[in-house]
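For reference, the structure discussed in these notes is given below.
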Amino acid sequence: MTLVFRPAGERFHSRLDWLDSWHSFSFSHHHDPAWMGFGPLRVINDDTIAAGRGFGLHPHRDMEIVTVMVDGQLNHHDSMGHSEILRAGEVQAMSAGTGVVHSEMNLGDTPCRLLQIWIEPDGPGHPPAYRQEPFHLQSGWTPLLDPDGRQGALAINRRVRLWRARAGAGERLELAIATDATGWLQVIDGQGTAFDRPVQRGDGLGFAATPSDSLQAGPDGADVLLFELR
């Protein structure tokens, strides 16, 4: 497949007095048939939410919703009875399934930043479910999602794997995914070089598996997500 490059500055942008949101794919009133997702990866929203504000109660169904907290905190309440605080470094995986209602409010004292990711499930009608875990990033890739829950990663209703890494200046990370899968690289912060092109905060790259793909972090390092999609 041809490399798919989504530059940060070409993403859709929603701006309210309490929300600054960048959408890698079509979302809300932003619609472009060319950017409806990448395989089962339907949404990557990079949200910064002002202190004391957030999303009130709203419904979802038949979607796997993954939240990667980058900075600050987010208070979550849902119709399954969960009332939780997500903090930087934590990941939430919520299967909306047959239907769930939830709210996401920043009740902290400072703005919070998160990446909210929507992944299409392997079929409709799963029972709603919720999991949340802290992840301490080590050297190399730390698994956040894994179909078998290996190394403490969260499992969702799709055979998708997701890793996060913080690479130091000049560090090289192999972009190794299964040969029957496609990959998506999302830069949370920093910059580097991947597939012979510079990448920076907010950039995304979709690609097919090849033996020698890698990311080399720039002088300020790079904080990145890597998806293996089926």
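This table checks each residue for (1) within 16 Å of the chain's Cα centre (by Cα); (2) among the small types (G, A, S); (3) not in a strand (DSSP E or B).
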{"position": "I188", "(1), (2), (3)": "yes, no, no"}
{"position": "P198", "(1), (2), (3)": "no, no, no"}
{"position": "G202", "(1), (2), (3)": "yes, yes, yes"}
{"position": "L205", "(1), (2), (3)": "yes, no, no"}
{"position": "S212", "(1), (2), (3)": "no, yes, yes"}
{"position": "G218", "(1), (2), (3)": "no, yes, no"}
{"position": "V224", "(1), (2), (3)": "yes, no, no"}
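Among the listed residues A167, A129, A155, identify the single one that is of a type in the set (A, V, I, L, M, F, W, C), at negative phi and surrounded by fewer than 17 Cβ atoms within 10 Å (Cβ to Cβ).
Exactly one of A167, A129, A155 is of a type in the set (A, V, I, L, M, F, W, C), at negative phi and surrounded by fewer than 17 Cβ atoms within 10 Å (Cβ to Cβ), namely A129.
Condition (residue is without any contact (Cβ under 8 Å) to a residue 40 or more places away in the chain, among the small types (G, A, S) and within 29 Å of P121 (Cβ to Cβ)) applied to the stretch 202-216: is it met by at least one residue?
So far as the stretch 202-216 goes, yes, one or more of its residues are without any contact (Cβ under 8 Å) to a residue 40 or more places away in the chain, among the small types (G, A, S) and within 29 Å of P121 (Cβ to Cβ).
What is the residue count in the stretch 156-186 for residues that are assigned to a strand (DSSP E or B) and at pLDDT below 95?
So the count comes out to 0.
Where residues in the stretch 112-155 are in contact with a Lys or Arg (Cβ under 7 Å, 6 or more places away or on another chain) and assigned to a strand (DSSP E or B), which of them is nearest to S28 (Cα to Cα)?
So the residue we want is W118.
Take the stretch 141-161 and flag every residue that is small (G, A, S) and farther than 20 Å from A88 by Cβ.
Across the stretch 141-161, the qualifying residues are G149, A155.
Take T98 and tell me if it is at pLDDT 95 or above, over 20 Å from the mean Cα position of the chain (by Cα) and among the polar types (S, T, N, Q).
Criteria met by T98.
Which residues, taken from the stretch 88-99, are touching a strand residue (DSSP E or B) at 6+ places or on another chain (Cβ under 8 Å) and either surrounded by fewer than 22 Cβ atoms within 10 Å (Cβ to Cβ) or not in a strand (DSSP E or B) (or both)?
Correct list: A88, G89, E90, A96, G97, G99.
Could you list, in sequence order, all residues of the stretch 41-73 that are more than 13 Å from the chain's Cα centre (by Cα), within 23 Å of R158 (Cβ to Cβ) and buried (at least 17 other Cβ atoms within 10 Å of the Cβ)?
Matches in the stretch 41-73: H60, M63.
List the number of the failed condition for Q186; all other conditions in (1) surrounded by fewer than 16 Cβ atoms within 10 Å (Cβ to Cβ); (2) closer than 15 Å to L115 by Cβ; (3) among the polar types (S, T, N, Q) hold.
With (1) surrounded by fewer than 16 Cβ atoms within 10 Å (Cβ to Cβ); (2) closer than 15 Å to L115 by Cβ; (3) among the polar types (S, T, N, Q) applied to Q186, the lone miss is (1).
So for the stretch 110-122 (the condition being more than 22 Å from P143 (Cα to Cα), surrounded by 15 or more Cβ atoms within 10 Å (Cβ to Cβ) and either hydrophobic (A, V, I, L, M, F, W, C) or at pLDDT 95 or above (or both)), does at least one residue qualify?
yes
Please find, within the stretch 11-36, the residue that is nearest to D47 (Cα to Cα) out of those that are in contact with a strand residue (DSSP E or B) (Cβ under 6 Å, 6 or more places away or on another chain) and exposed (fewer than 15 other Cβ atoms within 10 Å of the Cβ).
Among residues in the stretch 11-36 that are in contact with a strand residue (DSSP E or B) (Cβ under 6 Å, 6 or more places away or on another chain) and exposed (fewer than 15 other Cβ atoms within 10 Å of the Cβ), the one nearest to D47 (Cα to Cα) is H13.
The values are calculated or read from the model by the stated rules, or taken from the named source; none is laboratory data. Note that the coordinates shown come from a computational prediction; the quantities given were computed from them, not determined experimentally. Ideal geometry is used to build each Cβ from the backbone, glycine not excepted, and the neighbour counts take in all protein chains shown.
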